[in-house]
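A short write-up of the structure that comes next.
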Amino acid sequence: MVKFVLKMNLFLVKIELLAPKQFQVGFEIICTETKVSNAPGEFHKADSGSYRSGFCVLTLDNIPGGTYTIRPATFDQNRESNFFLNVASSHQCTLTELK
């Protein structure tokens with residue numbers, strides 16, 4: 001899992017998960033703390049949609065500043081793989097790997 005912190009409000013964030021094509025992957029993003037309640041893009045949990053072979057992406061707009069956790073997953077339980085997680089933001093953010 002990866003935690004990321006956005007210090008300012010109303011961000012545009014694009015998250016990409018890349019893995020070997022034989023793995024159907026997806027992820028969810030959970031808001032663990034928000035700096036502004038009732039902001040236009042506020043959410044508690046979002047996901048990348050259907051599991052896809054080797055790649056998925058999610059773009060979120062108007063996200064309030066706060067702390068978010070990204071949880072990558074494979075469709076098949078207990079199936080693990082190396083992966084790349086790219087997070088692009090319209091403002092600076094901090095990423096931390098959770099163990």
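The values are calculated or read from the model by the stated rules, or taken from the named source; none is laboratory data. Everything quoted here is computed from the prediction, not taken from an experiment. Cβ sites come from the backbone with ideal geometry, for glycine too, and all protein chains shown count toward neighbours.
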Breaking point among (1) surrounded by fewer than 16 Cβ atoms within 10 Å (Cβ to Cβ); (2) at negative phi; (3) part of a strand (DSSP E or B), for Cys31: (1)
Residues located in the stretch 81-95, provided they are surrounded by fewer than 12 Cβ atoms within 10 Å (Cβ to Cβ) and either hydroxyl-bearing (Ser, Thr, Tyr) or modelled with pLDDT of 85 or more (or both): Asn82, Phe84, Asn86, Ala88, Thr94
Which numbered condition Thr69 fails, given (1) in contact (Cβ under 8 Å) with a residue 40 or more places away in the chain; (2) in a loop (DSSP other than H, G, I, E, B); (3) not aliphatic (A, V, I, L, M): (2)
Selection from the stretch 40-57 of residues that are farther than 16 Å from Ala19 by Cα and surrounded by 12 or more Cβ atoms within 10 Å (Cβ to Cβ): Gly41, Glu42, Phe43, Ala46, Asp47
Residue in the stretch 58-68 that is at pLDDT 90 or above, under 19 Å from Val2 (Cβ atoms) and surrounded by fewer than 14 Cβ atoms within 10 Å (Cβ to Cβ) present: yes
Test: residue in the stretch 83-97 that is within 16 Å of Met1 (Cβ to Cβ) and outside any strand (DSSP E or B): yes
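Can you tell me which residues in the stretch 46-66 are assigned to a strand (DSSP E or B) and in contact with a Lys or Arg (Cβ under 6 Å, 6 or more places away or on another chain)? Even if it seems obvious, please write down each step before you answer.
Taking the stretch 46-66 and keeping what is assigned to a strand (DSSP E or B), we get 46-47, 52-53, 55-63, 66.
Passing the criteria: Ser53, Thr59, Gly66.
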